[in-house]
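Structure first, then comments.
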Amino acid sequence: MNKEVNKQSELQQNENFLVKIINAYRTNEKVVNITTGVVLVLVVVILGYFLWWSPQRQAKAELAIYKAEQYFAMDSTTLALNGDGSCVGLIDVIKQYPCTKTAKRARFMAGACYLKQGQYDEAISYLKKFSSNDKILPGQALCMIGDAYMEKNDISQAAKYYQKASKKNPNDLLTSLYLYRYALACEMQGSWKDAIVAYEQIQKEYPQSYEATLVEKRIAYAKTQK
């Protein structure tokens, strides 16, 4: 008997709950329908962006940058940046396809071109906007920013970016170079202890690198200046 009462009570509660939901929907039917419609539109837009629009833009960007990359490889920085009249350059690729992976790559190359041309502020601007999941390029970009600041005689900022480069995805290929440049920048600021730490890190972690053959004399000199 008690079981039947409990079941009836449970059924009554479920019915009351459903009634509340139905009444709530009827009360807010217009708002619910509009909200649902907006959500569906957003889903369609997002799917369209990732499945159709973005791949299309990426493909067009790759076609657009082809000639500029050739000029970049040839060290023709002006043509790489601005194009040759028939093909666009890196700057136009960045402007026309700003959200593509190609535009990210173009920012790196544009920064490198401006650095070679001695236009250091432009180089810094483009390189700071560069981002990538690549293991090597982000460190190179940070080092080039350091180089640009060094050319501007802003040693403090140069040291900052060389140090950042040395900590970005450490590798046997380039990290010892970044550490060496950081140490030299520290020397120029009179930060001898920091220089020694960087030199000793090269000795310990990158003993096979070219920079490792240079640091023993630098350490000895730095220790005389402390």
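The values are calculated or read from the model by the stated rules, or taken from the named source; none is laboratory data. The structure displayed is predicted, hence computed values, not measured ones. So basically every Cβ, Gly included, is an ideal-geometry build from the backbone, and we count neighbours across all protein chains shown.
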The stretch 123-146, residues that are under 22 Å from residue 184 (Cβ atoms) and surrounded by 18 or more Cβ atoms within 10 Å (Cβ to Cβ): 123, 124, 127, 138, 139, 140, 141, 142, 143, 144, 145, 146
Residues of the stretch 180-218 that turn out to be farther than 19 Å from residue 153 by Cα and either not in a helix (DSSP H, G or I) or not aromatic (Phe, Trp, Tyr) (or both), as a count: 24
Among the candidates 12, 56, residue that is modelled with pLDDT of 60 or more and more than 26 Å from residue 142 (Cβ to Cβ): 56
Matching residues in the stretch 155-196 - criterion: being surrounded by fewer than 16 Cβ atoms within 10 Å (Cβ to Cβ) and more than 21 Å from the chain's Cα centre (by Cα): 156, 172, 188, 189, 190, 193
Filtered residues of the stretch 90-133 (kept if modelled with pLDDT of 95 or more and polar (S, T, N, Q)): 117, 119, 125
Test: residue in the stretch 114-130 that is of a type in the set (A, V, I, L, M), in contact with an Asp or Glu (Cβ under 9 Å, 6 or more places away or on another chain) and under 29 Å from residue 182 (Cβ atoms): yes
Subset of the stretch 70-93 that is touching a residue at least 24 places away in the same chain (Cβ under 8 Å) and in a helix (DSSP H, G or I) - its residue that is surrounded by the fewest Cβ atoms within 10 Å (Cβ to Cβ): 78
The one condition in (1) farther than 29 Å from residue 98 by Cβ; (2) buried (at least 17 other Cβ atoms within 10 Å of the Cβ) that residue 149 fails to fulfil: (1)
